[in-house]
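The values are calculated or read from the model by the stated rules, or taken from the named source; none is laboratory data. What you see is a predicted model, and the numbers here were worked out from it, not measured in a lab. Cβ placement follows ideal geometry from the backbone for every residue including glycine, while neighbour counts extend to all protein chains displayed. Quick note on the areas: whole protein, heavy atoms, side chains included, nothing else; ligands and nucleic acids left out. Shrake-Rupley method; radii C 1.70, N 1.55, O 1.52, S 1.80 Å.
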Amino acid sequence: MQAPANTVDPSEIAKFEAMAAEWWDPNGKFKPLHMLNPCRLDYITQQIAGEFERDLAGTRPFEGLRLLDIGCGGGLLSEPMARLGAEVVGADAAQGNLPVARIHAEQSGLDIDYRHTTAEALAEAGEQFDVVLNMEVVEHVADPLSYLTATQQLLKPGGLEICSTINRNPKSYAVAIFGAEVVMRWLPKGTHEWNKFITPDELFDLLRQAGLDPVDRKGFVFNPILWNWSISDRDLSVNYVTASIKPE
């Protein structure tokens, strides 16, 4: 399937550019991502290690793997992937995010190739990766299938794509929009649009249509009493993550 030139939604890009300076403030507008990040990283590292037979006990277990963090923002996932030894390209359609990401990586002594570009442009240029991290992006694009088709084209045969998003149901509206944006004020109002959320079954269907083979899905569950996130095999009612393989 041929991906179109661009699935970027300009109004969605503007939302994140307006918050760009706060990417690395754990108590700022990206507080939810900072809280979720250890849980995301646990899932990501386990999936990569399992697929490519890497030992996470090593100092740089992802050495030799080329990884794309699409929609990288300020680099909250790009940096730990680089520390684990991967050759990392961080791409974002919101140009305002990239100076923040570059400065923080430089201060952290990390070599990360940050680019102002899109999945479609990278695919058109013939870029290829062992791993594509596609985290909390698909609910913000104009055409999810075309976008996922582009990310599939970026994978080498046998490559791994990890994609997370938000389920679409009454609970996700109550938690991800009313709770996070209105009650807790973790995010500016309007950050998410409920009708753009995607159910797990819909996402699996889209991934298959894009040419990927979904192999796993888990929920990211927030415990308001313990104030932490955990990975769940059963509860995919709000935040969830999937792993897919590009057939050989």
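Observations
- Relative contact order for region 94-155, counting Cα pairs under 8 Å that sit 6 or more residues apart, in percent: 35 percent
- Residue 233 accessible area, 1.4 Å probe, all protein chains in place, Å² to nearest 10: 110 Å²
- DSSP finds beta bridges in the chain, and of those with both partners inside it, around 50 percent are antiparallel.
- In summary, the aspartates and glutamates within cross-link reach of residue 218, defined as a Cα separation below 18 angstrom excluding same-chain residues under 8 places away, comprise 42, 51, 136, 139, 161, 201, 202, 205, 233, 235.
- Carbon + sulfur, % of accessible area of the chain - ligands and nucleic acids excluded, 1.4 Å: 52 percent
- Its Kirkwood hydrodynamic radius, worked out from the mean inverse distance over all distinct Cα pairs, puts the chain at 18.0 Å.
- The accessible area of residue 104, taken with all protein chains in place and a 1.4 Å probe, comes to roughly 50 Å².
- All Cα pairs of region 75-143, percent lying beyond 18 Å: 39 percent
- Only helices enter the 222 nm calculation for the chain: every DSSP H run of n ≥ 4 contributes -39,500 (n - 2.57), and dividing by all residues gives -9000 deg cm²/dmol, rounded to 500.
- Charged neighbours of residue 210, selected by a Cβ distance under 12 Å, balance to -2 (K, R count +1; D, E count -1).
- Share of Cα-Cα pairs in region 44-159 lying beyond 26 Å, as whole percent: 15 percent
- Exposed loop sites are taken as trypsin sites (Lys or Arg not before Pro) in a DSSP loop (any state but H, G, I, E or B) with at most 12 other beta carbon atoms within 10 Å; the longest stretch of the chain without one runs 1-184.
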